[in-house]
C-alpha cells in the first residue's frame, strides 16, 4: 500500500483487508496533524515511527514512541495516538492468530535496520497482493523480526483510581498550570 500524505477518503479500514499482514504508511502534510481519537482494531498493530514522535494512550498508561522505534498494540486494545512534530509513521496490522509469539500487552520495541526496511518494503505491497508468493514470504520474515525484537521501556503508567486519573489528566492537559489542590 502507498504512503498516504493525508488521512482523507482513500484511507482503508485495515480490519477489512483479507490479508494476514498489511502495512500502511502515513506522512501527513504540514498543515494536518496525525492525532487519532480512541479506537481499536480487530487485528494487532505495530506503529513504527520513522520520523517525529508519537504518544499513544492505552488503558495502562502512555507510551512515548521516539523516532526509529515501534509500539506493539495487541488486537482489540483501545488506544489513541498523538503525533509530535513532523511525523512519518508506518502502521502494520497483523491477524491475531499470527501474533501469538508477540507480547499480549502493549510494549515498545527496538527496531533494527532489517526490521525498518522490512516495514517500509511491506508498505509498498499492493493491498491485495497474491497469497503464497514472495510478498507472503516477506511478511513471514517481518513477523519473525518483530517477535525477536528487544522490548524497550518507553511506558508511563497512569493511575487506575479515577480520582488520581482526573488529576493526572489535568496535569497532562495543562502541565504549566500551577493550581494546587486548595484552589
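Some values worked out for this structure:
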{"read-out": "Tally, over the range 149-183, of residues that are touching a helix residue (DSSP H, G or I) at 6+ places or on another chain (Cβ under 9 Å) and either at pLDDT 75 or above or within 30 Å of residue 115 (Cβ to Cβ) (or both)", "value": "2"}
{"read-out": "All positions within the range 89-115 that are in contact with a strand residue (DSSP E or B) (Cβ under 7 Å, 6 or more places away or on another chain), crowded, with 16+ Cβ neighbours inside 10 Å and either modelled with pLDDT of 90 or more or assigned to a strand (DSSP E or B) (or both)", "value": "89, 90, 91, 92, 93, 94, 107, 108, 109, 111"}
{"read-out": "Test set (1) in contact with a helix residue (DSSP H, G or I) (Cβ under 7 Å, 6 or more places away or on another chain); (2) part of a strand (DSSP E or B); (3) modelled with pLDDT under 85 - residue 1 fails condition number", "value": "(2)"}
{"read-out": "Candidate set: the range 131-150, residues that are over 12 Å from residue 94 (Cβ atoms), more than 16 Å from the chain's Cα centre (by Cα) and touching a residue at least 24 places away in the same chain (Cβ under 8 Å); chosen: the one surrounded by the fewest Cβ atoms within 10 Å (Cβ to Cβ)", "value": "150"}
{"read-out": "Residue within the range 65-73 that is crowded, with 17+ Cβ neighbours inside 10 Å and either in contact with a helix residue (DSSP H, G or I) (Cβ under 7 Å, 6 or more places away or on another chain) or within 21 Å of residue 165 (Cα to Cα) (or both) present", "value": "no"}
{"read-out": "Condition check for residue 37: surrounded by fewer than 18 Cβ atoms within 10 Å (Cβ to Cβ), farther than 15 Å from residue 96 by Cα, in contact with a strand residue (DSSP E or B) (Cβ under 6 Å, 6 or more places away or on another chain) and in contact (Cβ under 8 Å) with a residue 12 or more places away in the chain", "value": "yes"}
{"read-out": "Yes/no for residue 138 being assigned to a loop (DSSP other than H, G, I, E, B), on the phi < 0 side of the Ramachandran plot and either touching a strand residue (DSSP E or B) at 6+ places or on another chain (Cβ under 8 Å) or at pLDDT 85 or above (or both)", "value": "no"}
{"read-out": "Matching residues in the range 74-88 - criterion: being surrounded by fewer than 18 Cβ atoms within 10 Å (Cβ to Cβ), more than 12 Å from the chain's Cα centre (by Cα) and part of a strand (DSSP E or B)", "value": "84, 85, 86"}
{"read-out": "Residues satisfying the stated conditions in the range 26-39, i.e. within 16 Å of residue 71 (Cβ to Cβ) and either in a strand (DSSP E or B) or at pLDDT 85 or above (or both)", "value": "26, 36, 38, 39"}
{"read-out": "Breaking point among (1) assigned to a strand (DSSP E or B); (2) loosely packed, with under 15 Cβ neighbours inside 10 Å, for residue 42", "value": "(1)"}
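The values are calculated or read from the model by the stated rules, or taken from the named source; none is laboratory data. Just so it is clear, the structure is predicted and the values come from calculations on it, not from any experiment. In this analysis, Cβ positions are derived from the backbone assuming ideal geometry, glycine residues included, and neighbour counts consider all displayed protein chains.
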